[in-house]
Amino acid sequence: PGVPDAFVGPFRIEAFLYPYLFIALPNVLLTTAIQFAIATWSRRPIAAYLGSLLVFFIAYVLGLILAFALRNPEVSTLLDPIGPFFIFGELPEGWAPCEKNMRLLTLEGTLLQNRLIWTTVALGVIAVTYARFRFAHHVARKRWWSRRSKRVTQPVTRDVDSPYVPRAARIDDQQ
């Protein structure tokens, strides 16, 4: 509001759909596949949240380590599961300011390879999870650290006084 249309440019729905389809949707597929697999294999819901931390750690910390260790931006962009190296590294360097305002994100080059790699990884994780999943009831096993020698204990018996019940509430004294 208050800005002339010549400065803003035309509204194009593709400018919103392409980043959603090329960046957000593969990221969601990968992270939920990892969360689902970890929660299914461990049979604990908290493990899915720990899987989210794992994805975050891999995406940023390990990605930075690989970028500095390999010193090859193309390989670090390919190994980046979430895509910040492409978004913050390759995209600003390759496009002029005028192109950033007018050009649409296209699925080509390194971005295409990255999205294919990580979508394939996500589908592979889902396939392995599906193949290993059983509808059988999970019976908890005793871990080696919780196994103890069986001790026989005598039950403790105490005389317990019966609680006071007012005469109006007693059932056996009906007249």
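The values are calculated or read from the model by the stated rules, or taken from the named source; none is laboratory data. No experiment lies behind these values; they were computed from the predicted model shown. No Cβ is skipped: glycine too gets one built from the backbone with ideal geometry, and neighbour counts run over all protein chains shown. Accessible surface is based on the protein model in full, side chains and every heavy atom, while ligands, DNA and RNA are left aside. Shrake-Rupley method; radii C 1.70, N 1.55, O 1.52, S 1.80 Å.
Across region 1-15, the number of residues qualifying as exposed (fewer than 11 other Cβ atoms within 10 Å of the Cβ) and outside any helix (DSSP H, G or I) comes to 8.
Looking only at region 67-84, decide whether some residue is aromatic (Phe, Trp, Tyr) and modelled with pLDDT of 80 or more. No, that holds for no residue. Residue selection: Leu29 fails the criterion of being in contact with a Ser or Thr (Cβ under 7 Å, 6 or more places away or on another chain), more than 28 Å from Arg132 (Cα to Cα) and surrounded by 15 or more Cβ atoms within 10 Å (Cβ to Cβ). Helices (runs of 4 or more DSSP H) fully within region 16-98 that include at least 1 residues being under 15 Å from the mean Cα position of the chain (by Cα): 25-42, 45-56. Among the candidates Tyr60, Tyr18, the residue that is over 19 Å from Ala122 (Cα atoms), open to solvent by 70 Å² or more (accessible area, probe 1.4 Å) and of a type in the set (Ser, Thr, Tyr) is uniquely Tyr18.
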